[in-house]
Each structure stands twice: as C-alpha cells, then as structure tokens.
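Asker: Input: one structure, supplied below.
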Amino acid sequence: MIGLATAFVAQVLRISVPYALAATGGAFSERGGVINIGLEGIILAGAFGTAAGTLATGSPWLGVLFGVGAGILIAALHAAITVGAKADQILSGLALNLLVLGGTRGLLRLLYDSSSNSPRFEGFAPLAYVARFTGDAAVPGGAAATGPGAPFEGLLLLVGHPLFLLGAGGIILAQVLLFGTGFGLSLRAAGDGPRALDGAGISVSRVRAAGVLLSGVFGGAAGAWLALEQHMFTDGMSGGRGYIALAAMIVGKWRPLAGATACLLFGAAEALQMRVPSGVIPTQFLQMLPYVVTILALAGWIGRSTAPARLGEPYDREEGR
C-alpha cells in the first residue's frame, strides 16, 4: 500500500513538472501585461531543441541549454510582435504555436527523416545516493544497499533528478524575483500601471520584453523535461500543456509558487487517467479528464482571481496608456 501511494505521488510530481515550469513562465509574461498563449509553442520548441542538442552533442546538459535557447527564441519573437510592433497578443501566440508545430515537423523530416519522432537518446542517470538507498545494482554504488527504500524508489529517483532540483529551485527563485526584488516590482507595475512606471524613467517595453523572455526560459525548460523524460522528441508532444499551464497560473493568481501548487491538481488528474483500468470507464472519458478538471478549475477560480489591470493592452508612450 505504501509503495502504491508513493508511486502515485511520484507520478503526480513527475507529470506536474512541465506544467509548473510553464505556469511560472506565464506568470512572468502576464504580470508584465503580455498575454502568452504561445506557451504551447515555447514548450514544443524547448522539447525539440533539447532532443536535437542532446543528439548532436551527446550531453543532456547541453541539450537542456539548446532547449532553453529554443524557448527564448520563440519568446523573443512573441515579444517583438506584441511589445515591439504592438500587435494583438492572442493572435501572436496562436500564430507562434502553429509556426512551431509546423516547423518541428519539417525539422524532424529534414534532420531525422521521420515525420513522427527523433531517434532515442540517453538522459540523466539516477544520483548515486538514491541508488545506494534503493539497492539498485544497475547504478554504480547501488549494489551495496539492502534496498529498504524500495517502496520509495520512484519518489527518490524523481527528487534526485537534476532537472527536478533545478526546476524546484527555479520556481522558488521566481517567486522571490517577482515579489522580493526591484525588477519584480517594475514588472508588476508594467502590468498594473505602466504609465507610472514610465513616469519613473523605466522603459515599459524593456521590462515587458524581459518578462516575456523569462517565460521562454521556463517554458523551454518545461519542454526539456518532456524530451528527457521520454528520451526522444515526438510530434506535438507538448499536448496542450501550455494551455493547461495558463489555467494553473490563473488558479494560482499569477504567483509562481501558487501556480506550481495548482499544477498538482492537473498532474493528479492525468495520473489518475493513466491508472484507472480502461475497462471500468471508457477510454475516451479518461482522456478527457485533465481537460475537464481544467474547465472546472477555471469556472471555480477565475472569478476570484484578479488579472493584472493592463493585461493584453499594448503601452503607447505618446498616448500615455
């Protein structure tokens, strides 16, 4: 029973990681006043960049850097279109999602002669202390253990995953950056009162662009997690996670830690979908479960959440708005 419970907790946490990272990125963008529907494309670009980088270099660490870089590139395009050209933010995000979806398909064919997936690659190995605790003889240092931690093996392997540690630390750092620093104050002012920020001599456009670029960092990291967990890139593997992450961000009231916590709800729904025997409930209903939870969460929380006052509104300095 303990083993089943800890395995379920580990699965929920593992599933929730890309949602939480993307939701954190969305909080940076939208706190600055820029709607970021393009999170879906940023995640997908991050996943492809990670796969391509890992396959090219043989290093998952370099693959993560490629993935984050790809996420930043898509976010930079969104910033240029919405902050620079002051175009419609929702249309920009949707267009970028379509661009990335088609672009990754084309690159799959060009680089790997496949329309569905990249070749497999190795990810990160479990940390030695986890292997010693669980008695995993397949990992150096693991054979000496007697394996008393076997029921907790999945949870320990997850907690010891380098990207999990970096992601958790990044979300905490994001909370501090957004609510405990001068930059965070400026970013929140860009979304709530850009005219006052401009009057203080701080460029609204630069602050907003910085928030969008940070969404690229976290969204690219979310894609990196997906690619390294599956050890390959598959066509459309973001699977709507960017949209669900935006819902979690709203439930979390545009706060990184609260949004990451809300992601556990969506992770639990997806994990439950995988664990319920298909004969008990029709498969189609199980596949709907994460999205039904998303709709219910939004219906119950969106009225209680107050969005940044100038969210979605381009700032025109000449008009003072």
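Asker: What is the Cα radius of gyration of the range 1-125 over 2.2 N^0.38 Å, N being its residue count?
Answerer: Ratio of Rg to 2.2 N^0.38 Å for the range 1-125: 1.21.
Asker: Let me ask something additional. Sort the range 2-54 into rounded, prolate or oblate with this rule: let a ≥ b ≥ c be the square roots of the eigenvalues of the Cα gyration tensor; rounded if a/c is under 1.5, and if a/c is not under 1.5, prolate when a/b is larger than b/c, oblate otherwise.
Answerer: The shape class here is oblate.
Values in this text are rule-based calculations from the coordinates and carry no lab data. Fair warning: this is a prediction, and the values are worked out from it, not measured in the lab.
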